[in-house]
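These notes are about the structure you will find just below.
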């Protein structure tokens, strides 16, 4: 029988809780003084067997004021391409697993941990709300991600670039294990724990790998595949992570750690979402390559357990093909193309070039293309002022129309399918900023409405149609950094 909700024994220990001080430490949260509810994800809560409405008991746990001793893990990583050594959960406390779905719940911002280094272990309302909305926006788009369950606020002052107030976001995932966990155990002399980590991954997340001739190599192969598909998913919706360090890469292929992320407005392949990234290492067009680079680092860290260098290189070598195929298939669906024909890649490449040259809004373009009239009269694209620029669309529109004619099914059915996958709404940076400004005044109405709209981003939501417009001019001045 499961223990009562939010009793002392409600959270089961994480699967890695007994791996010794080289990997995990227990420590109490500092918690938030006088915590207040900001957001409670009632939809996710019900999926997890938790109350639809937040309770007083939940408030204590999700503000870091519960009676339990959470767990914090050590990990390492490469940050901006350089080895950073020991890192770890500097402001994350894992409460444990909950019975429903065997999901881990982790608090971010509940105070210092043994791995805080010179940090204060806190998170501010601004970054916490962005993570909450960002992860739920990605879930609404069907992209693998950690989830957000709760957001707690406090008047506790926290100093970043300016004086802000503290917050804690409770996030959920089957596991928060990262590439960096493997790196830490491999390069800091914990071979037994590294083997246990791979055994855990195989038992709970990659069970088919256990039956392969080289099980650890099979795990690497699956992680490489998931990472390639994840990068394709990001690119297809114009998502820019901002800090793709190896310690921010999930071993389960989830979008992890929402810092200076952004969704593209006007299409720019070299868009840099993080103004701390002065070299543009994590720009939009670099994300696929960085995914491959991070997988190579993971392969190197696992080499002692695999003992098959040629096999590792073969697995890593599949990344580019997996990514390219996955991305092309996603763009086919965005264009309403069900068949795979030889000329599809040039059609997509030309389109992306035109989007860039004409500074067209990425999300709005594909949504516009999905309208019934466009499917029957593609030349209308030339008449739309927001898509006009130095490069005419005439030739591409003709090629696209000819390509659509080779598809089975009606134009109406094609448009309906396109509207089902091309979002009308994404979490644009300026929308998050407006929600943050209101939340800082104690008003979470816009944040709750955004959460609701982003849960079904392809629906019309006519009462919020202004959120689907191109961003206002002032949005161009917004910048994001690693503290975002």
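Apply 1/(1 + (r/R0)^6) to the Cβ-Cβ distance of residue 34 and residue 341, taking R0 = 60 Å, and write down the FRET efficiency to the nearest 0.05. Could you put the intermediate results ahead of the total?
On the way: r = 62 Å, r/R0 = 1.03.
Approximately 0.45, to the nearest 0.05.
Whole Å is fine, so just give me how far the alpha carbon centre of the stretch 52-92 lies from that of the stretch 410-429.
Centre-to-centre (Cα) distance: 37 Å.
What ranking of 188, 241 emerges when the number of other C-beta atoms within 10 Å of each C-beta is taken as an exposure proxy, fewest first?
On the way: 188 15, 241 27.
Lowest count first: 188, 241.
Using a basic spin-label model with each label point 7 Å from the Cα along Cα→Cβ, how many nm lie between residue 357 and residue 437?
3.7 nm
Going by how many other Cβ atoms sit within 10 Å of their own, how do 194, 44, 129, 86 line up, fewest first? Please list the in-between numbers first.
Values: 194 24, 44 18, 129 27, 86 15.
Neighbour counts put them in this order, fewest first: 86, 44, 194, 129.
With just the Cα atoms of the stretch 24-175, tell me how far they stretch along each of the three principal axes, in Å, largest first.
42, 33, 29
What is the helix-to-structure angle for 411-421, meaning the angle in degrees between its Cα long axis and the longest Cα principal axis of the chain, kept from 0 to 90 and rounded to the nearest 10?
That helix lies at roughly 20 degrees to the long axis.
Taking only DSSP H segments of four or more residues, each worth -39500 (n - 2.57), what value at 222 nm results for the chain once the sum is divided by all its residues, to the nearest 500 deg cm²/dmol? Could you put the intermediate results ahead of the total?
Values: 16 runs with 192 residues, N = 484.
After summing the helix terms and dividing by residue count, I get -12500 deg cm²/dmol.
Can you compute the FRET efficiency between residue 279 and residue 7 using 1/(1 + (r/R0)^6), with r the Cβ-Cβ distance and R0 = 51 Å? Round to the nearest 0.05. Display every interim value, and only then the final one.
Numbers: r = 50 Å, r/R0 = 0.98.
It comes out at approximately 0.55.
Considering only C-alpha atoms, what is the centroid distance from the stretch 251-326 to the stretch 119-174, in Å?
Between the Cα centre of the stretch 251-326 and that of the stretch 119-174, the gap is 24 Å.
Rule-of-thumb check for the stretch 378-484: C-alpha Rg over 2.2 N^0.38 Å? Don't skip to the end; give the middle numbers.
Values: Rg = 18.2 Å, N = 107, 2.2 N^0.38 = 13.0 Å.
For the stretch 378-484, the normalised Cα radius of gyration is 1.40.
Can you put 18, 277, 399 in order, fewest other beta carbons within 10 Å first? Before the final figure, lay out the partial values.
Details: 18 11, 277 21, 399 16.
With the fewest neighbours first, 18, 277, 399 line up as 18, 399, 277.
Largest first and to the nearest Å, give the Cα extent of the stretch 335-421 along each principal axis.
34, 26, 20
Report the normalised scattering of the chain as log10 I(q)/I(0) at q = 0.13 Å⁻¹, calculated by the Debye formula with identical scatterers on the alpha carbons.
The computed values of log10 I(q)/I(0) come out as -1.27.
How much length is gained on full extension from residue 307 to residue 204, taking 0.36 nm per residue of separation minus their Cα-Cα distance? Mind dumping the intermediate values first?
Values: separation 103, 0.36 × 103 = 37.08 nm, distance 2.35 nm.
Full-extension gain reported as 34.7 nm.
So how tilted is helix 215-237 from the main axis of the chain? Cα-based, degrees 0 to 90, rounded to 10.
That helix lies at roughly 50 degrees to the long axis.
Note the angle between two axes, namely the Cα long axis of helix 287-306 and the longest principal axis of the Cα atoms of the chain, as a number of degrees from 0 to 90, rounded to the nearest 10.
Roughly 40 degrees between the two axes.
Label-point separation (nm) for residue 465 and residue 385, each offset 7 Å from Cα along Cα-to-Cβ?
1.7 nm
Run the numbers on the chain and let me know its relative contact order in percent, using alpha-carbon pairs under 8 Å that are six or more apart.
Numbers: 890 pairs, mean separation 68.9, N = 484.
In percent, rounded to a whole number, it is 14.
Provide the FRET efficiency to the nearest 0.05 for the residue 188-residue 212 pair, computing r from the beta carbons and using R0 = 41 Å. Don't skip to the end; give the middle numbers.
Values: r = 28 Å, r/R0 = 0.68.
Efficiency at R0 = 41 Å is approximately 0.90.
What distance in nm separates the simple spin-label points at residue 52 and residue 320, each placed 7 Å from Cα in the Cβ direction?
Each label point lies 7 Å from its Cα, and together they span 5.3 nm.
Only the coordinates and a few stated rules stand behind these numbers; no lab work does. Every value quoted in this text rests on a predicted model; they were computed, and no experiment measured them. Cβ sites come from the backbone with ideal geometry, for glycine too, and all protein chains shown count toward neighbours.
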